[in-house]
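Any read-out appearing in this document is the output of simple, stated calculations on the displayed coordinates, not a laboratory observation. None of these values were measured; they are calculated from a predicted model. Because the Cβ atoms are built from the backbone with ideal geometry, glycine has one as well, and the counts that use them run over all protein chains shown.
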There are 2 protein chains.
Amino acid sequence: MARVVVDVMLKPEILDPQGQAVQRALPRLGFEGISDVRQGKRFELEVDGPVDDTALARIHELAESFLANTVIEDFTVKVEEVAEAGK
Amino acid sequence: MARVVVDVMLKPEILDPQGQAVQRALPRLGFEGISDVRQGKRFELEVDGPVDDTALARIHELAESFLANTVIEDFTVKVEEVAEAGK
């Protein structure tokens with residue numbers, strides 16, 4: 001079983017009020033030197049079977065049609081090794 | 001300027017209704033073979049200056065105290081190259 005991670009972030013030109021709220025709060029909390037914060041979503045999908053090109057293409061399609069709103073969001077699909085068994 | 005990514009996910013033992021809702025919707029939408037979905041948050045922080053050990057320690061502290069609720073959430077801090085200038 002493999003894990004595929006889909007990261008969904010607002011496009012750079014879209015205003016991100018959540019990220020801005022975090023960024024503005026940082027100096028108040030004593031954290032300086034961070035010029036920008038963007039907040040997005042991370043989906044971890046556990047895939048049955050091998051993650052071959054067909055499976056990745058399906059997940060790409062899934063992310064595009066369902067996880068991200070591509071009018072305002074960009075997404076990336078990454079395969080991640082499931083190395084957490086020893087945790 | 002460097003980008004540091006903080007991923008915040010619910011701990012594995014915590015119920016994730018958002019992820020479950022996505023997972024249950026997938027077969028209906030024609031996507032089979034995904035046995036679990038977890039949804040979390042991704043923060044992209046643009047850091048002024050070099051990301052040395054001190055800066056990373058500060059960001060770790062920030063993530064722990066402010067971005068994640070460590071009672072129910074795990075987080076990871078990763079440095080990412082800003083290679084998107086050519087996009």
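The Cα center of the stretch B:57-71 and the Cα center of the stretch A:34-72 differ in position by 25 Å. The long axis of helix B:17-28 is offset from the longest Cα principal axis of chain B by roughly 50 degrees.
For the rotation that carries chain B onto chain A, the axis lies closest to a Cβ at B:Arg42, 2, where the number is the distance in whole Å.
Entry note, chain B: the mean residue ellipticity at 222 nm calculated from DSSP H runs of n ≥ 4, each adding -39500 (n - 2.57), is -7500 deg cm²/dmol after division by the residues and rounding to the nearest 500.
Which longest run of chain A has no exposed loop site in it, a site being GluC sites (Glu not before Pro) in a DSSP loop with at most 15 other beta carbons within 10 Å, and the site itself not part of the run? Write down the numbers at each step before the final one.
Details: sites that count: A:Glu13, A:Glu32, A:Glu81, A:Glu84.
After excluding every exposed loop site, the longest remaining stretch is A:33-80.
Computed over the Cα atoms of the stretch A:2-80, what is the convex hull's projected area averaged over all directions, in nm²?
Average projection, Cα convex hull of the stretch A:2-80: 6.3 nm².
Directionally averaged projected area (the protein assembly as shown, Cα convex hull): 11.1 nm².
Round to the nearest 0.05 the FRET efficiency obtained for A:Glu64 and A:Arg24 when R0 = 22 Å and r is the Cβ-Cβ distance. Once rounded, the FRET efficiency stands at 0.10. Compared with the dominant principal axis of the Cα atoms in chain B, helix B:53-62 is inclined by about 50°. Here the extension length gained between A:Ser35 and A:Asp53 equals 2.7 nm, from 0.36 nm per residue of separation less the Cα-Cα distance. Ranked by how many other Cβ atoms sit within 10 Å of their own Cβ, fewest first, the residues A:Lys11, B:Lys78 fall in the order B:Lys78, A:Lys11.
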